[in-house]
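As structure tokens, the structure follows; a few thoughts come after it.
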Amino acid sequence: MCPVCKHPVDTVVKPRKVLGAYVPHYAAGPCHNPRCSACVDRVEGEAEAPEASEVGRPESG
């Protein structure tokens, strides 16, 4: 669960070395709730990026 919004998140398995052997370490994954302040899907400056229809067009002027 996300610690900020309590929305369920995926479980991420990462390797962790313990006494010379790798063991699985289970941790909470990133939050994907768009209303959450901890959401990883938010991109700063999203409005500044050109749209796909405008990419490759010559500028008129």
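Assorted remarks:
- Counting Lys and Arg as +1 and Asp and Glu as -1 over every other residue whose Cβ lies under 9 Å from the Cβ of His25, the net charge comes to +2.
- Compared with the alpha-carbon gap, the fully stretched path from Arg35 to Cys5 is longer by 10.0 nm at 0.36 nm per residue.
- Net charge of neighbours whose Cβ lies under 13 Å from the Cβ of Cys2, counting Lys and Arg as +1 and Asp and Glu as -1: 0
- If the chain linking Ala28 and Val13 were pulled fully straight, counting 0.36 nm for each residue of separation and taking away their Cα-Cα distance, it would gain 4.5 nm.
- Evaluated at q = 0.17, 0.18, 0.29, 0.31 Å⁻¹: base-10 log I(q)/I(0), Debye formula over Cα of segment 1-42: -0.52, -0.56, -0.91, -0.99
- Mean Cβ count within 10 Å, highest first, over the residues of peptides 26-37, 7-18: 26-37, 7-18
Values in this text are rule-based calculations from the coordinates and carry no lab data. Being a predicted model, the structure only gives us computed values, none of them experimental. Quick reminder, even Gly has a Cβ in these numbers, built from the backbone with ideal geometry, and neighbours come from all protein chains shown.
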